[in-house]
1. What value does the chain have for Rg/Rh, both radii from Cα atoms and Rh as Kirkwood defines it?
2. Residue-wise, which Karplus ³J(HN,Hα) couplings in Hz belong to region 180-197, taking 6.51 cos²θ - 1.76 cosθ + 1.60, θ = phi - 60°, and x for glycine or proline?
3. How large is Rg over Rh for region 111-280, taking Rg from the Cα atoms and Rh as the Kirkwood inverse mean of 1/r across Cα pairs?
4. Using only helices, what value at 222 nm comes out for the chain when you add -39,500 (n - 2.57) per DSSP H run of length 4 or more and divide by the total residues, to the nearest 500 deg cm²/dmol?
5. Rounded to the nearest 5, what % of DSSP beta bridges with both residues in the chain are antiparallel?
6. With the Cα gyration tensor of region 122-213 in hand, give its eigenvalues times 5 under a square root as the equivalent ellipsoid semi-axes, listed largest first in whole angstrom.
7. By DSSP, what percent of the beta bridges with both residues in region 111-280 are antiparallel, rounded to the nearest 5?
8. Give me the one-decimal nm value for the distance between modelled label points at Lys144 and Asn218, 7 Å along each residue's Cα-to-Cβ direction.
Amino acid sequence: MDPEIQKMREVALVYLDRSGGLQKFVHDCKRYNDSKQSYAVYRFIISINPSDIAELDATLGNHILHNPLQAAQIFQSVCFIAIKTLSLIEQLQTEAQISILLKPTHLPPLPSYVLSFSAYPFNYTSQRFYMSEGIVIAMGTVTKYTQGARFLCTEETCPLSEGRFRYIRVHCPGATESATVRTDFVCSLCSSPLQEDMKFRVLGDKQIVEMIDAKVLNALKGYSNDNSHFRIQAFTVFLRDELANKMTLGNHYRIIGIPACVQNGLQATACIEVNSVQLCKPNGPSFLSDNFKCLLSLTSSSCWRFTAVLANIFASQVVPPGTYNTLKLAILLSLVQTCDKENADYLDLLIVTSDTLVIDRLLNYSLCLLPRGIRHPPSSEIFPSVSKDKHGTGSASIQACSAVLAKGGVCYIGDLSSYKKDKLELLQSVLESRTTTVFIPGKKYGEEADQQVTIAVQTNFWSFLDVDSSSKKHIQKENFLIGQMDVSLIPANLVDVFGLLIYNEFPSCRLSSPLVHHILKKAINPEAVLYKASQQFRTQDYEEFILFAKNLHVELSSEAENLIQGYYLASRRVRKDSIHGSTLSASALKILISLSKAHTKLSLRQTVLQEDALIAILLLESSLTLKHGTSALCVAPNSVFPFDLSDENSLQQRDIYLMQCHHQLLKFIAAYGPGIHITTNEE
């Protein structure tokens, strides 16, 4: 025997003993032995730390990293000797029956160990470990594959025709089913054909997943300052056995595996046989720009000023400061209220406008401030759909689509009036439940029974409604209440499930002078920096600010909670009729809490105050007025920004106005919410 091989076997045994792998191996053997059943293949998983192995023996460490299939044979020999020496599995006969899967905990942080399908050259023939990252864009259903099989000689007089485990086939990375179980094997003793002994076939779970480089998110945004060009290509990933169903559509994963090339007819597909999967969670920055810190300090005298100035100067690259302030505040609130956790607080926006070009530019710009901002292309599906797997298995494959790719971010779906009735009904269902169900007919995809797969939709939705377009498509109603807008082009229930309905300040017939000047100057010189605010608060500063603010953990104070509940109960009593009952939906309370928490995050605080609740109530009341008409609270359409914010005096005037709104709100609750006591600051 080669002395180097023998040394590596000894090192492998020492490593298994020191790492606790030997104890796990003995436990796995006991499980096989207790079953009293003979298998063609006994499969064992060995966790490998490349750093620890390299410290013990550099040769074995290098072997594992660059020749993992040969390294597995070394561990196979060690395990076979251990089984026979300690009598761990009585049924085991030959070394070939042992299948070893090496699972590295990590790879060296060097470029040569990173595999990118968008970079050349792509070496998929090396059959060594690589690390790759990507987002799951499609997932197949779990099917079966052959882990291992026993073959016997068909010649009855041949000694290898029965009883022995001489001819064993084990799945190798990248091998298809037809390659593992073939019909052209011959006996080495008598040259007769070999035939599989079906009762010893060992089956495992297999799942085919499509992933794509995370750079694709930049390509799916509506607007970007990044002018770099890159190639994006999806790649196929095979998850087997314990890794099946370990991935979720839309999530970002780091994988370690062995690349291979799978032949399907005349077509060859590059793929990765995965050995380990790790979920990638982007961490928000732990810092803010000095300009934001300075602004926070200068506006610390009031709980309302920081967010007011923030909204006033936001997106100055697209619209002039001081325009669309209510809409920009709502956008900022929605941006910081993005999260991919279950039962998160979502904030969806529906904008009624006649200036679709300006609004579209503003929303496109805002999308780019998030890592997961997706502009939905009209030619594709918003929600997951089912198609036949393209690798020739005939099984179903679920495609992620825009809403799932925007997980933890925002999905901008454009003009709502351009969608057909069935799409709008599906959108309403998703907004209500935050899930969508995919139906997989079994007969069509080779399954015995039909399946229903429920997929979480964890994203905020933005959309707009073109009032000029909608007025041409249908006859407007005449029996409107004071303050109510005609949005009857889309179902009323769909309008209700959007968190906020916002009407922008400037109808197209009277665009503001600053906005006209801004559009003309940008048309002449798109790269021009027109305002000082654009220099002080860059797009990158806003990206860092939003990532910092969205990760803040906020809690409701008892005063804010009482104010929200008082307004909600009073509004339910005021906004009702004898036929339909209350027009205030049950989801309004969730929206109020979400808005209050969002304003607190935007203010860089961690406790929701009454001041935050007041802004949330004013925004929601304005939205309800557009949907159902004014109520006894009777807020102005521009209640959050009643004045142009030009100097400190205007900020002071706004504070006084909001205090008056607060007193008016307390009177409203006292009048229409009997039994509710709200503690005021004066008390």
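1. Rg/Rh: 1.08.
2. Couplings: 6, 10, 9, 10, 10, 7, 10, 6, 6, 8, 10, 6, 7, x, 9, 10, 6, 8 Hz.
3. For region 111-280, the value is 1.11.
4. -11500 deg cm²/dmol, from helical runs alone.
5. Approximately 65 percent, going by the DSSP bridge assignments.
6. They are 35, 15, 9 Å, listed from largest to smallest.
7. Rounded to the nearest five, the antiparallel share is 90 percent.
8. Simple spin-label model gives 4.6 nm for this pair.
The values are calculated or read from the model by the stated rules, or taken from the named source; none is laboratory data. Keep in mind the model is a prediction, meaning the values are calculated, not measured. Cβ atoms come from the backbone with ideal geometry, glycine included; neighbour counts cover every protein chain shown. With ligands, DNA and RNA removed, areas are computed over all heavy atoms of the protein, side chains included. Shrake-Rupley method; radii C 1.70, N 1.55, O 1.52, S 1.80 Å.
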